[in-house]
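Everything below concerns the one structure shown next.
The values are calculated or read from the model by the stated rules, or taken from the named source; none is laboratory data. The structure displayed is predicted, hence computed values, not measured ones. When we count neighbours, we look across all protein chains shown, and the Cβ atoms used for this are built from the backbone with ideal geometry, even at glycine. Note: areas computed on protein heavy atoms with side chains; ligands, DNA, RNA excluded. Shrake-Rupley method; radii C 1.70, N 1.55, O 1.52, S 1.80 Å.
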Amino acid sequence: MYQDITEAAAFIRQRITREPLIGMITGTGLADVTHAMEVDGSIPYEQIPHFPESTVAGHAGILVSGTIAGKPILAMQGRLHIYEGYTATEITFPVRVMATLGVKYLFVCSAAGGLNPEFAPGELMLLTDHINLTGGNPLIGRNLEEFGPRFPDMTSAYDKDLIAFAKQKAIEEGINLNQGVYVGITGPSLETPAETRFLRTIGADAVGMSTVNEVIVAVHSGLKVLAIVAITNINIPDRMAGTSIEQVIATARNASPSLARLLTRIIEDLER
Ligand code: HPA
């Protein structure tokens, strides 16, 4: 496993011009986030040794390198999901590779269903915490001592300074930024009304099929994590409205420019 990671990292290192500071994972319909970059290279996942392939609509499967405000970034355009048949460890392989390449920050974006009735579709939510209900954990197996300890602390998985910084930038930019707890499930089926009630009851504000495992691996690897989701639909158990991937993609696309603007402002003023 560790050797696979270092081989993938070595392959990428030869194709990028400088050591990346920030790793980014963009989600469904959120490509604008990488359009804000000055791109200097891109590598399809299938060319990278040991990299899993991206199989879902709306996920390109390209690793893009470039800069925002002169800060070097490595962005995954398209992520991997457990529902594609991968394990939690496999979908987080790219996070290990990013950490090996020198990334210090991981910015994670995704589409999510809103559980907090005060949210509206198209709004953004900053993650303050998460609940992992994906039924697994990417750290199961022999601990990769090269990255972190057997039992990583998760009391501040989402970096407190980055949270405060993101809130400040959102105010400066006039962007409505909710905050809350994200619950990760595997999908691909969407939630029943009873599951939705359960997820709200256990303390979640938004639900989605990604993010939590990536964050666990990032924290284990010592990266500082910032995660923001686009709320694409609102799930209220007593009046569940159906949702479709088309609706999720369209609403995420609407939210994408303000997310890109917010991340750009954060990156511009981020200390190295
Ligand atoms: N549930 C789970 N994942 C999602 C949803 C949802 O309602 N919307 C976007 N991703």
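Just to confirm the filter: which GluC sites (Glu not before Pro) across segment 126-212 are DSSP coil and have at most 15 other Cβ within 10 angstrom of their Cβ? Write out the running numbers ahead of the final one.
On the way: sites: Glu145, Glu146, Glu172, Glu173, Glu191, Glu195; in loops: Glu145, Glu146, Glu191.
Taking segment 126-212 and a limit of 15 other Cβ atoms within 10 Å, the loop GluC sites (Glu not before Pro) found are Glu145, Glu146.
Give the share of C-alpha pairs in each 10 angstrom bin for segment 112-235, from 0 to the last occupied bin, in whole percents, shortest bins first.
Whole-percent P(r) values from 0 Å outward: 13, 41, 32, 13, 1.
In whole angstrom, and with the biggest value first, how far do the Cα coordinates of segment 149-190 range along each principal axis?
38, 34, 11 Å, listed from the longest principal axis down.
So what is the accessible area of the chain per residue, in Å², with the probe set to 1.4 Å? Display every interim value, and only then the final one.
On the way: 11370 Å² over 272 residues.
Counting only protein heavy atoms, the per-residue value for the chain is 42 Å².
Using a cut-off of 12 Å between beta-carbons, work out the net charge of the residues near Ala112 (Lys and Arg +1, Asp and Glu -1, Ala112 not included). Could the numbers behind the result be given before it?
On the way: positive: none; negative: Glu123, Glu191, Asp205.
Local charge sum for Ala112: -3.
Between helix 160-173 and the chain, what is the angle of the helix's C-alpha long axis to the longest principal axis, kept within 0 to 90° and rounded to the nearest 10?
70
Ratio to report: Rg/Rh of segment 1-156, with Cα atoms as the point set and Rh obtained by the Kirkwood method; give two decimals.
Rg/Rh: 0.95.
Mind checking the full-extension length gain between Asp269 and Asn254? Use 0.36 nm per residue of separation minus the Cα-Cα distance, one decimal, nm.
Working: separation 15, 0.36 × 15 = 5.40 nm, distance 2.49 nm.
2.9 nm is the gain from fully extending Asp269 to Asn254.
Compactness ratio of the chain: Cα Rg over 2.2 N^0.38 Å, N = residue count? The partial results should precede the final answer.
On the way: Rg = 17.3 Å, N = 272, 2.2 N^0.38 = 18.5 Å.
Rounded to two decimals, the normalised Rg is 0.93.
To the nearest 10 degrees, how steeply does helix 2-13 sit against the main Cα axis of the chain, on a 0 to 90 scale?
That helix lies at roughly 80 degrees to the long axis.
Give a residue-ordered list of calculated ³J(HN,Hα) values for segment 220-232 (Karplus: 6.51 cos²θ - 1.76 cosθ + 1.60, θ = phi - 60°; whole Hz; x for Gly, Pro).
4, 8, x, 7, 8, 10, 10, 10, 9, 10, 9, 7, 9
Grab the beta carbon distance between His50 and Asp161, set R0 = 25 Å, and tell me the FRET efficiency rounded to 0.05.
Working: r = 33 Å, r/R0 = 1.33.
It comes out at approximately 0.15.
Taking only C-alpha pairs under 8 Å that are 6+ residues apart, what is the relative contact order of the chain in percent?
Numbers: 569 pairs, mean separation 73.7, N = 272.
Reported relative contact order: 27 percent.
Express as a percent, rounded to the nearest 5, the fraction of DSSP beta bridges in segment 59-207 (both residues included) that run antiparallel. Can you show the working numbers first?
Numbers: 9 of 19 bridges.
Among the beta bridges of segment 59-207, antiparallel pairing accounts for roughly 45 percent.
In what sequence, highest mean first, do 66-72, 254-260, 117-123 appear when ranked by Cβ atoms within 10 angstrom?
Details: 66-72: 17.3, 254-260: 19.4, 117-123: 15.6.
Going from most to least packed, we get 254-260, 66-72, 117-123.
Give me the net charge for the shell around Phe165: Cβ to Cβ below 12 angstrom, other residues only, Lys and Arg +1, Asp and Glu -1.
That sum, taken over residues with Cβ under 12 Å, equals -1.
Which whole-angstrom value gives the distance between the alpha carbon centres of segment 49-122 and segment 249-272?
Cα centroid to Cα centroid, the span is 15 Å.
Run the dipole for the chain about the Cα centre, Lys and Arg Cβ at +1, Asp and Glu Cβ at -1, nothing else charged, and hand back the magnitude in debye, nearest 20.
Details: 20 positive and 29 negative charges, 44 e Å.
Its charge dipole is roughly 220 debye.
Where Rh is the Kirkwood radius over the Cα pairs of segment 33-114, the temperature 25 °C and the viscosity 0.890 mPa s, what D in µm²/s does Stokes-Einstein return?
Details: Rh = 13.5 Å.
Approximately 181 µm²/s, per Stokes-Einstein.
Excluding Pro52 itself, what net charge comes from residues whose Cβ is under 9 Å from its Cβ, given Lys and Arg +1 and Asp and Glu -1?
Numbers: positive: none; negative: Glu53, Glu84, Glu90.
Net charge in that neighbourhood comes out at -3.
Among the listed pairs Lys167/Lys224; Lys104/Lys169; Lys71/Lys160; Lys71/Lys224, give every one whose C-alpha distance is greater than 18 Å. Mind showing how you got there, number by number?
Numbers: Lys167/Lys224 16 Å; Lys104/Lys169 20 Å; Lys71/Lys160 21 Å; Lys71/Lys224 16 Å.
As for pairs spanning more than 18 Å Cα to Cα, those are Lys104/Lys169; Lys71/Lys160.
For segment 191-272, what is the convex hull (Cα atoms) projected area averaged across all directions, in square nanometres?
Computing the convex hull of the Cα atoms and averaging its projections yields 7.0 nm².
Determine the share of segment 138-272's accessible area contributed by carbon and sulfur atoms, expressed in whole percent, with a 1.4 angstrom probe.
On the way: 3430 of 6340 Å².
Using a 1.4 Å probe with all protein chains present, segment 138-272 comes out at 54 percent carbon and sulfur.
Nearest 10 degrees is fine. How inclined is helix 245-269 to the longest principal axis of the chain, computing both from alpha carbons?
Rounded to the nearest ten degrees, it is 60.
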